[in-house]
Amino acid sequence: MRTKSGRGDVLLVCMVLFLVVFGLAVLYSTGSYNGSVRFGDAFYYMKKQFFAAALGMLAMYLISCMDYHIFEKYAIAAYLISLALSTLVLFAGNAYNGSRRWLSLGPLSFQPSEFAKLAVILFLARMVGRQKKKRNSFLNLVFVIALVLPIVALVGTNNLSTAIIILGIAVIVVFVSDKRYMQFVWIAAAGAGMMALFLGMESYRLERIAIWKNPEAYEKGYQTIQGLYAIGSGGLFGKGFGESIQKLGFVPEAQNDMIFSIICEELGFVGATILMLVFLMLIWRFMVIAVHAPDLFGSLIAAGAMGHIAIQVILNVAVVTNTIPNTGITLPFISYGGTSVLFLLSEMGLVLAVSRWQSEKKCI
């Protein structure tokens, strides 16, 4: 049984709005120097991000007003489109810093891998939701995860970090739909084997591990070291908003993957902790929506979004703090990237659409 509630999850909306506004403010502070030096405009990065965020907010609102069951019909098509775009980027993509990750449409460019995350969530939610009798079968579990391996392989060719996120989303979606947990030990072992294979395919990936272990010994460890300097110099309460020194060319591309280090420098441990608490609350709301969704399809959509945000936040913070090797993962809603913000907000709209429907259980 399911009934349509009058509105989406208010707490989720508030947290998403906070992250978007906070991200724009931090992006201006972090990117103003690079914007002035490269483009003669301190607002360059912030203005482009604002445009993408505005489109994303519109998409979030429109999607949240729709019946999410409509997207079940187009889940397979969305996944096939993501495969086609990811294949196209290998041959006609634009290279940046040695990696082909972007496709251009006139003056606009976007990353197909960001669309692939959303497409995989919808695709797996549909596939798992429709296999009621076979859902707890180990072979079926392997089959479902195998369905996303083509997109993982295509994306992983030039973007290993996003491939890890997509594979992580797949595992989490299947995990929450299965009552038996021990079989995931074998999945974890297979994943570790695949990871070792991916690392061994390219020498630069093995080099990243060496840099991670001893960044002072390598020229490419400069970004990591400067990021750690930024974190350490922030102290408990930070130097103050806009007062970062490391953003003045010391941390390369500070507005992208390393933006969390500038947050730590300007807002300190307290500010960084508050941001992490907001992300935790966001993940908690995903979990609540997943639990109270009226059907498995809606529940798995919320669970997939939960896995996506959780994995990406954890990996970004781990990279910035040099807990794991540098993998080039952005901080959701905060780091510069129009495609990322647009599809993240679209994903939030999908979760809000699920929250507008509730089961007979009492919602939190």
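Across segment 82-87, rounded Karplus estimates of 3J(HN,Hα) from the backbone phi angles (6.51 cos²θ - 1.76 cosθ + 1.60, θ = phi - 60°) give 5, 5, 5, 5, 5, 6 Hz, Gly and Pro being marked x. Were the residues from LEU149 through HIS69 laid out at 0.36 nm apart, the gain over their Cα-Cα distance would be 26.3 nm. Quick check: the distance between the Cα centres of segment 205-279 and segment 310-326, to the nearest angstrom? Each part reduced to its Cα centre gives a spacing of 11 Å.
Report, as a whole number in µm² per second, the diffusion coefficient that Stokes-Einstein gives for segment 247-358 at 37 °C and 0.692 mPa s using the Kirkwood radius over alpha carbon pairs. Rounded, D is 218 µm²/s. Close amide H contacts of ARG101 (hydrogens built in the peptide plane, cut-off under 5 Å, sequence separation of 5 or more or a different chain): ASN94, TYR96.
Legend: residues ASP9, ASP67, sorted from most to least accessible area (1.4 Å probe; ligands, DNA and RNA excluded), read ASP67, ASP9. Here the accessible area is traced with a 1.4 Å probe on the protein chains. For segment 17-118, carbon and sulfur cover 71 percent of it. Across the cross-link table entries LYS220/LYS247; LYS48/LYS73; LYS48/LYS213; LYS47/LYS239; LYS47/LYS247; LYS48/LYS117, which are compared at the Cα atoms, the separations over 28 Å belong to LYS48/LYS73; LYS48/LYS213.
Each residue of segment 286-291 is assigned a 3J(HN,Hα), and the resulting list reads 4, 5, 4, 5, 5, 5 Hz, derived from the Karplus form 6.51 cos²θ - 1.76 cosθ + 1.60 (θ = phi - 60°), x at Gly and Pro.
Applying 1/(1 + (r/R0)^6) with r as the Cβ-Cβ distance of LEU55 and ALA92 and R0 = 30 angstrom yields a FRET efficiency of 0.80. Leaving out ligands, DNA and RNA, what percent of the accessible area of segment 207-327 is carbon and sulfur, probe 1.4 Å? Solvent-exposed carbon and sulfur of segment 207-327 make up 69 percent of the total.
Close amide H pairs (under 5 Å, H built 1.01 Å from N) link SER109 with no residue at least 5 positions away or on another chain.
The values are calculated or read from the model by the stated rules, or taken from the named source; none is laboratory data. Because the structure is a prediction, the values reported are computed rather than measured. Positions of Cβ are generated from backbone atoms using ideal geometry, with glycine treated the same way; all protein chains shown enter the neighbour counts. For the accessible areas, the whole protein counts, side chains as well, though only heavy atoms, and no ligand, DNA or RNA atoms are used. Shrake-Rupley method; radii C 1.70, N 1.55, O 1.52, S 1.80 Å.
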